[in-house]
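Reading through the structure tokens given below for one structure.
The values are calculated or read from the model by the stated rules, or taken from the named source; none is laboratory data. Computed from a predicted model, the values in this text were never measured in an experiment. When we count neighbours, we look across all protein chains shown, and the Cβ atoms used for this are built from the backbone with ideal geometry, even at glycine. Protein only, heavy atoms only, side chains kept; ligands, DNA and RNA dropped before computing areas. Shrake-Rupley method; radii C 1.70, N 1.55, O 1.52, S 1.80 Å.
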Amino acid sequence: MQLLLQVLFIALTAASVLLFYRRIKVISQLISMGATPLPNDQPGKRWANVLLLALGQKKMFSKPLVAVMHLIIYAGFIIINLEVAEIVLDGITGHHRLFLPLLGDLYTWLIRIFELLAAGVLLVCIVFLLRRNVIHIQRLAHGDLKGWPASDANYILIAEIILMSLFLTMNAADQQLQQTGDPHYPATGEFWVSGLIVPLLQGMSTDTLIWVERLCWWLHILGIFAFLNYLPHSKHLHILLAFPNAYYTSLDKTGKFINMPAVQQEVLYAMQPELTPANATPPDHFGAKDISGLPQKSLLDAFSCTECGRCTAACPANQTGKLLSPRRIMMATRDRMEEMGVQIQAKGKWEADGKNLLHDYITVEELRACTTCMACVEECPVGISPLNIITELRRSLIMEESNAPQEWNGAFSNIENNFAPWKFAPDARAAWTKEI
């Protein structure tokens, strides 16, 4: 029977890892469709961003109380997974608490710390559920999150509560079974949190306790495997992608725009025609209409978005009732990639489907509402820039479709003909000084 359970566990582990790998491979393919590669200069500064933004959660602490609660969940997720490693090895080898003989008393202290974190995660998840569903924090009750996004957040929080409860109950049953002298349950010393649950299990028979411990063990690890494969379909993928996204975040000074070299050259050639090379050709396109026209960093941004809404809460256009929501820009970009990913998985490659990110997912009204103030970029805790997507789509809208308000078109025409937004010939630009 034990051998059969080991074989079953190994099969489930392999299937879980394989499914996760296949999903991550599709996400990687989608990101690689971007027009420009991920930046990789100045590695020292980039690793500093990983430490400050992703590991240290620097920007989260603009709201200290929420930051501390998020840190508890974050630390719990990272550290408790060390305990998951032992569970996986136990399942493969058929042992129980494989690391106990190796670590001795240190093992007991580690589990005690894990349990404190588990209790913290459980309590914070309950608070976060209340904030979303009872208190209705404004940025978490925004129209962007209606339907699946709201459910997604609740599913993850509920799953965390269940997983932590199973972990603590499993340890409590284990503690009680240690009193029976069963060699499968070696003495570990008393655990702080699960020890509080032990009195609830007193009076149960040994068989019942074993059934409770094994059931919680299996449900806990199967829940971890399910969580692993739900993660890449959820906004909680940021748990993993926050680190590379922080590494590849822009190192430019705040407010610096990414210019198009082709456009800069055209302006240069207009100003100094003699510099125009004989083989000069116009660029294939301006800006981006769809995913393939965006930088790879913007696509990584979309998959890294936490949907926390700090960008939208800081957006002056959104605050004044405009349609623009930077969070929705990121969600729409990810939705477009998700749709493309379905086709890639089905056909093995991407074929045009007649849709574009511009118009089909993100509207002209949203793009025009942006003031490019960069408040959204400043607020994002993981280094995401909705502004890059907005500006690239707006470039395509204006430079390829000539789709701009009449007031803008007048300024564009003057810049093209007079090299300034005003309706004056270049040689008459200083005429006003004659009256001084």
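A few points about this structure:
- When the convex hull of its Cα atoms is viewed from all sides, segment 22-83 shows a mean projected area of 6.6 nm².
- Mean Cβ neighbour count within 10 Å, used as a protection proxy, ranking 73-82, 172-181 highest first: 172-181, 73-82
- Full extension of the chain segment joining Thr363 with Lys347 gains 2.9 nm, where the gain is 0.36 nm per residue of separation less the Cα-Cα distance.
- The structure-derived value of mean projected area of the Cα convex hull in nm² appears in the list [x] 29.2; [y] 18.1; [z] 19.9 under the label [x].
- Stretch gain in nm, segment Leu116-Phe20, where the contour uses 0.36 nm per residue and the Cα spacing is subtracted: 31.6 nm
- If you plug the beta carbon distance of Thr281 and Ser250 into 1/(1 + (r/R0)^6) with R0 = 25 Å, you get a FRET efficiency near 0.30.
- Rg/Rh, computed from the Cα trace of segment 289-418 with Rh as the Kirkwood radius, has the value 1.00.
- Ranked by how many other beta carbons lie within 10 Å on average, peptides 285-296, 43-54 from highest: 285-296, 43-54
- Total formal charge among the other residues, if their Cβ is under 9 angstrom from that of Gly189, Lys/Arg +1 and Asp/Glu -1: -1
- Peptides 232-239, 147-154 ordered by packing proxy, namely the average of other Cβ atoms within 10 Å per residue, highest first: 232-239, 147-154.
- A Förster distance of 35 Å, applied to the separation of the beta-carbon atoms of Met374 and Asn133, puts the FRET efficiency at 0.60.
- The chain: calculated mean residue ellipticity at 222 nm from DSSP helix runs of at least 4, using -39500 (n - 2.57): -19000 deg cm²/dmol
- In a DSSP loop and with at most 14 other Cβ atoms within 10 Å, the GluC sites (Glu not before Pro) in segment 336-434 are Glu351, Glu400, Glu401.
- Computed lengthening from Met1 to Lys45, 0.36 nm per intervening residue step minus Cα-Cα distance: 10.4 nm
- Exposure of Lys63 as accessible area (Å², to 10), given a probe of 1.4 Å and all protein chains: 80
- Per residue, the accessible area of the chain comes to 52 Å² when a 1.4 Å probe rolls over the protein heavy atoms.
- Computed from the Cβ-Cβ distance with R0 of 41 Å, the FRET efficiency linking Gln406 to Trp432 stands at 0.95.
- Taken over segment 1-139, the convex hull of the Cα atoms encloses 205 Å³ per residue.
- Whole-percent carbon and sulfur share, accessible surface of the chain, 1.4 Å: 64
- Unsatisfied cross-links (Cα-Cα over 25 Å) in the set Lys63/Lys289; Lys25/Lys58; Lys256/Lys423; Lys58/Lys235: Lys63/Lys289; Lys25/Lys58; Lys256/Lys423
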